1. Condition (residue is farther than 23 Å from V446 by Cβ and at pLDDT below 90) applied to the stretch 181-201: is it met by at least one residue?
2. If a residue must be modelled with pLDDT of 85 or more, open to solvent by 30 Å² or more (accessible area, probe 1.4 Å) and of a type outside the set (F, W, Y), how many such residues does the stretch 291-306 contain?
3. Condition (residue is outside any helix (DSSP H, G or I) and at pLDDT 95 or above) applied to the stretch 357-379: is it met by at least one residue?
4. Of all residues in the stretch 178-211, count the ones that are out of contact with any Gly (no Cβ under 6 Å at 6 or more places or on another chain), hydroxyl-bearing (S, T, Y) and farther than 15 Å from D84 by Cβ.
5. Here is a list of conditions, (1) on the phi < 0 side of the Ramachandran plot; (2) more than 18 Å from the chain's Cα centre (by Cα); (3) surrounded by fewer than 21 Cβ atoms within 10 Å (Cβ to Cβ), and G332 meets all of them except one; can you say which number that is?
6. For the stretch 411-426, give me each residue that is in contact with a helix residue (DSSP H, G or I) (Cβ under 8 Å, 6 or more places away or on another chain) and either modelled with pLDDT of 95 or more or open to solvent by 40 Å² or more (accessible area, probe 1.4 Å) (or both).
7. Is it the case, given these coordinates, that P245 is open to solvent by 10 Å² or more (accessible area, probe 1.4 Å), farther than 25 Å from A427 by Cα and either in contact with a Phe, Trp or Tyr (Cβ under 8 Å, 6 or more places away or on another chain) or of a type outside the set (V, I, T) (or both)?
8. Which one of these is surrounded by 13 or more Cβ atoms within 10 Å (Cβ to Cβ), under 27 Å from G261 (Cα atoms), modelled with pLDDT of 90 or more and of a type outside the set (V, I, T): A319, A309?
Amino acid sequence: MASLSCSANDLAPLINDTAAANYLCAQFDSISRKLAETTYAVDNTYLLFSAYLVFAMQLGFAMLCAGSVRAKNTMNIMLTNVLDAAAGGLSYYLFGFAFAFGGRSNGFIGRQNFGLRDYPMGSSISSFFLHQLVLAIADAGITISPFGSFFLYQWAFAIAAAGITSGSIAERTQFVAYLIYSSFLTGFVYPIVSHWFWSSDGWASATRIDGNVLFGSGVIDFAGSGVVHMVGGIAGLWGALIEGPRIGRFDRSGRSVALRGHSASLVVLGTFLLWFGWYGFNPGSFLTIAKGYGSGGYYGQWSAIGRTAVTTTLAGSTAALTTLFSKRLLAGHWNVIDVCNGLLGGFAAITSGCAVVEPWAAIVCGFVAAWVLIGLNKLAAKVEYDDPLEAAQLHGGCGAWGVFFTGLFAKKEYVEEIYRGGRPFGALMGGGGRLLAAQVIQILVVCGWVTATMAPLFYGLHKMKLLRISRDDETAGMDLTRHGGFAYAYHDDEDGSSRGVGFMLRRIEPAAITTPSPPAAPQV
């Protein structure tokens, strides 16, 4: 919203009354101030609501993880999801937010405002928040402190990255390892990446304040296919590689053995919760809503937000249906778990370009993302890589495709609305190759940075015997050996023991089929 002002000196000659001019300008300034305050309140409420939606995705992650592991490890995986949020909250407050967005800093890392101390209004929160909100109302004389809602929103993103990693190393990782990696990822690794691509100081940010953007374009990773999903997926990749597969996941000949999760119901519930939360993840990344685009009528940022929700929906839906029919042809059955993973792969892919592509392009994105996930799962089985939730393939692989896809299909009109005019756009949309080159740079840099930081961490934990649990504990299940009991009270006939009173889960064997005897011959 443009600032409104009134000058009594200019108005007085027009109405020949200085007192009336002063009165009218005072009333006009009061109205202008109220409008500016209302704009800020609407934008801040929108950002807070989006933060709540993204945080609700933690519940989705928890349900998805719980359903994807065996019942004997349910309490363990649920506790790690709680830990991601709690430990991530403190580490992001103390260090992470400052590394990502703290004060005027260099292109590599933020250097001020640790623990949110002395956080100034004009710091590099983001070009969206600065240019679309702060500067729009600063002339009205309003003092604002936007960091609270913005911090909450960015914290929800940081713990999402940590939650992705926990899925890759599920069912075999020591609890202390979760504490260490989660704090390190949310407090250092992820914030550096978000600084590079989202801060107004970042060396590859498309919203860099000084205008010196990479290849004249900067990286367009609108809501984090690279910043969030690739970071979490690649971290999980290294954790799972260094730990090795779960016991029984591959037989002696190297053939894949399915260790199925215990509850498809929880997987579906978690998937729908994540779908719901993605409407805060992608459309919420605009950060503000009450901003017109100057084209007249009712078109503004609120319209772009609606379009972003549509592209998000279409990409996920297309990926789900593509996975459904593809797996039916490849495996011979309709598998709800595969469909849920395909849906999430489509969402992870469209997250980068959701705001700058047409709806038809989102369908292309989702279709390819489904095949990326299927192909990477085939490759994982061949190299004996074990990821209980397919997190590295889904978030890392589909996230990388999404970053690349944006460099192909970003539309000029949408890029100019969000990132200022004169920017390169998608290569297949006539925009040349500069944006695509920037996107490729992001893929390579994220892979390199996460590998250079998380791989040594996991390897060090492995050498200190702090990473993987013992073979006996893994066989018995961590709920019993590490967390004091099972998530479900049940009795299994095979173990020959009773573990408390509760409902029973018994194996149902097929009943013996007997052939009915022929009727006796009639007596003569």
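The values are calculated or read from the model by the stated rules, or taken from the named source; none is laboratory data. As the structure is a computational prediction, the values presented were derived from the model and not from experiment. Every residue, glycine as well, gets a Cβ built from its backbone with ideal geometry; the counts of neighbours run over all protein chains shown. For accessibility, only protein heavy atoms count, side chains too; no ligands or nucleic acids. Shrake-Rupley method; radii C 1.70, N 1.55, O 1.52, S 1.80 Å.
1. no
2. Final tally of qualifying residues: 2.
3. Yes, the stretch 357-379 contains at least one residue that is outside any helix (DSSP H, G or I) and at pLDDT 95 or above.
4. 4
5. (1)
6. The answer is K411, K412, G422.
7. yes
8. A319
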